[in-house]
Amino acid sequence: MRAVPSAWIAAVAAGLLLLPGSAAAQSQPDANALQQQIDQLKKEFGERIAALEAKLAQAQAAPQPPPPPEPAAPAQAPAASGAKYFNPDMAVIGNFLGAAGHNDVNPSPALAMPESEVSFQAIVDPYMRADFFLAFGEEGVELEEGFATLTALPGSLQAKAGKMRAAFGKVNTLHTHVIPWADRPLVINNLVGGEEGISDAGVSVARLMPIGNVFFEATGQAFRGDAAEGELYKSSKPGDLSYVGRLRGYFDITESTNLDFGASYSQGHNAAGIVDDVDVGRFTTQLFGVDATFRWRPLTRAIYHQFVARTEYIRSHRDQFDGLQKADGFYVSGDYQFARRWWIGGRLDQSERANDASLLDRGQSFLLTFKPSEFSQLRGHYRRTAYAGGPTAHEFLMQFQFAIGAHGAHPF
């Protein structure tokens with residue numbers, strides 16, 4: 001800071017005092033007194049300026065604190081980012097099943113780990129995602145599903161390519177750990193290939209078509225032609241493809257209830273005409289199906305109460321040497337959540353057999369399920385089955401499922 005010259009202070013003070021009407025202009029004899037006042041002001045200004053200069057010099061001489069360090073980037077940020085980009089979401093789901101009672105037609109082992117699923121799911125690029133599901137059973141490992149989904153096609157189309165469960169009906173699309181029972185209904189076992197179902201290598205094209213308040217989805221699929229280890233479809237040459245078509249609809253009835261419904265069709269060659277590894281009959285099987293799922297889940301009590309009702313009807317037309325077999329079957333089930341972690345349910349089954357429509361199986365089931373969290377559940381399942389031509393079976397199934405890792409959502 002520069003000192004203000006004393007001459008400037010004196011000149012300003014003198015100018016102010018000599019203005020018209022000032023005391024100096026009116027009385028010259030008072031000049032000495034005014035001069036003393038000016039000298040006093042000069043002294044006071046000088047002392048204040050000196051004090052300010054001293055403080056400034058002291059501040060400049062004091063050591064300055066070092067600048068704060070730059071915030072360091074987290075050491076794990078690149079690794080975490082890279083892990084997310086280059087490693088898929090992975091999960092393992094265990095399915096332990098115990099059985100008690102008697103079943104002379106289709107007995108189950110007392111204790112078994114029939115299937116453990118390992119999944120790998122990730123985004124491939126902005127236009128595609130990939131999903132792989134490996135099934136580890138007591139007899140080995142197999143690819144349950146492995147497909148890529150193209151999500152950016154023109155015309156609002158979505159396509160899949162790989163090995164996948166066909167979009168036929170409701171239960172056929174679900175993995176074992178997702179179905180709401182400890183087993184699959186009789187109509188699925190008798191007419192759609194059971195646990196394996198229509199699951200094959202192929203391509204799928206689907207399109208969502210909103211119409212008013214109803215959302216429709218049309219799906220067309222073509223597969224290699226082998227399903228359920230040849231029990232449902234069997235391809236004898238490259239041209240023996242199987243086909244699936246499905247039209248599905250969904251709409252909200254109220255804010256707490258909705259209805260999901262659909263119609264399905266499938267066609268392929270069967271193994272009835274294969275003699276000495278030669279398909280002399282060239283027989284085919286056609287499947288027709290309709291399904292509906294009703295859900296009630298009040299918004300204010302969604303974690304404590306809900307109800308789900310399901311039904312599915314399937315008809316099979318199977319060509320074989322003794323003529324066309326027309327068999328059908330259905331199931332009806334209901335599941336009610338009566339507490340935060342508890343479910344109770346029941347199911348009614350009835351189905352004829354695909355290769356002999358004169359045989360009719362009937363069954364009833366009652367279930368109690370406890371779900372400690374979304375990663376585990378314990379289920380008790382009583383099953384009564386009246387087989388055609390066999391003794392009635394009474395069984396109690398105990399199912400324990402547990403999951404680790406990030407597992408994506410399954411079809412709704």
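The values are calculated or read from the model by the stated rules, or taken from the named source; none is laboratory data. Since this is a predicted model, take the numbers as computed values, not measurements. Positions of Cβ are generated from backbone atoms using ideal geometry, with glycine treated the same way; all protein chains shown enter the neighbour counts. Only protein heavy atoms, including side chains, enter the accessible area calculation; ligands, DNA and RNA are left aside. Shrake-Rupley method; radii C 1.70, N 1.55, O 1.52, S 1.80 Å.
Within segment 86-137, if we keep just the residues that are within 19 Å of residue 379 (Cβ to Cβ) and among the polar types (S, T, N, Q), the residue that is surrounded by the fewest Cβ atoms within 10 Å (Cβ to Cβ) turns out to be 103. Criterion applied to 146, 140, 193 was being out of contact with any strand residue (DSSP E or B) (no Cβ under 6 Å at 6 or more places or on another chain) and either open to solvent by 10 Å² or more (accessible area, probe 1.4 Å) or of a type outside the set (A, V, I, L, M, F, W, C) (or both), and the one residue passing it is 140.
Here residue 395 fulfils each of the conditions (1) surrounded by 14 or more Cβ atoms within 10 Å (Cβ to Cβ); (2) touching an Asp or Glu at 6+ places or on another chain (Cβ under 8 Å) apart from (2).
Only one residue in 106, 95 is at pLDDT below 95 and outside any helix (DSSP H, G or I). Which one?
On the way: 95 fails: at pLDDT below 95.
Going through 106, 95 in turn, the sole match is 106.
Checking residue 386 against (1) modelled with pLDDT of 95 or more; (2) open to solvent by 60 Å² or more (accessible area, probe 1.4 Å), only one condition comes out false. Which one? Among (1) modelled with pLDDT of 95 or more; (2) open to solvent by 60 Å² or more (accessible area, probe 1.4 Å), residue 386 violates only (2). Listed by first and then second residue, the pairs linking a residue in segment 362-383 that is within 19 Å of residue 104 (Cβ to Cβ) and in contact (Cβ under 8 Å) with a residue 60 or more places away in the chain to a residue that is open to solvent by 30 Å² or more (accessible area, probe 1.4 Å) and of a type in the set (Lys, Arg), with Cβ atoms under 6 Å apart and 6 or more places separating them unless they lie on different chains, are 365/383.
Going by the conditions given, is residue 184 among the charged types (D, E, K, R), over 18 Å from residue 162 (Cα atoms) and open to solvent by 30 Å² or more (accessible area, probe 1.4 Å)? No.
Checking each residue in segment 384-412 for being assigned to a strand (DSSP E or B), more than 31 Å from the chain's Cα centre (by Cα) and in contact (Cβ under 8 Å) with a residue 24 or more places away in the chain picks out 385, 386, 393, 394, 395, 396. In segment 336-361, the residues that are farther than 24 Å from residue 269 by Cα reach residues that are at pLDDT below 95 and open to solvent by 60 Å² or more (accessible area, probe 1.4 Å) with C-beta atoms within less than 6 angstrom, at least six apart or across chains, in these pairs: 340/303; 340/304. What number of residues within segment 167-194 are within 23 Å of the chain's Cα centre (by Cα) and under 22 Å from residue 147 (Cα atoms)? The total comes to 13.
Got a sec? Which strands (runs of 3 or more DSSP E) wholly within segment 215-332 have at least 2 residues that are in contact with a Pro (Cβ under 6 Å, 6 or more places away or on another chain), surrounded by 14 or more Cβ atoms within 10 Å (Cβ to Cβ) and at pLDDT 95 or above? Walk me through how you get there before you give the answer.
Working: elements: 242-252, 257-269, 284-296, 306-318.
Those strands (runs of 3 or more DSSP E) do not exist here; none qualify.
The condition of being open to solvent by less than 20 Å² (accessible area, probe 1.4 Å), out of contact with any helix residue (DSSP H, G or I) (no Cβ under 9 Å at 6 or more places or on another chain), among the hydroxyl-bearing types (Ser, Thr, Tyr) and closer than 23 Å to residue 95 by Cβ holds for residue 176.
If you check residue 263 against the conditions, is it within 18 Å of residue 312 (Cβ to Cβ) and touching a Leu at 6+ places or on another chain (Cβ under 7 Å)? Criteria met by residue 263. Answer with yes or no whether residue 315 is basic (Lys, Arg) and under 21 Å from residue 353 (Cα atoms). Answer is yes for this residue.
Quick check on this structure: which one of 187, 203 is at pLDDT 95 or above, more than 30 Å from residue 254 (Cα to Cα) and not in a helix (DSSP H, G or I)?
None of the others qualify; the one that does is 203.
Taken over segment 121-161, the residue count meeting the criterion of being in a strand (DSSP E or B), within 21 Å of the chain's Cα centre (by Cα), farther than 21 Å from residue 202 by Cβ and not small (Gly, Ala, Ser) is 2. Residues in segment 314-355 that are under 28 Å from the mean Cα position of the chain (by Cα) and among the hydroxyl-bearing types (Ser, Thr, Tyr): 3 in all.
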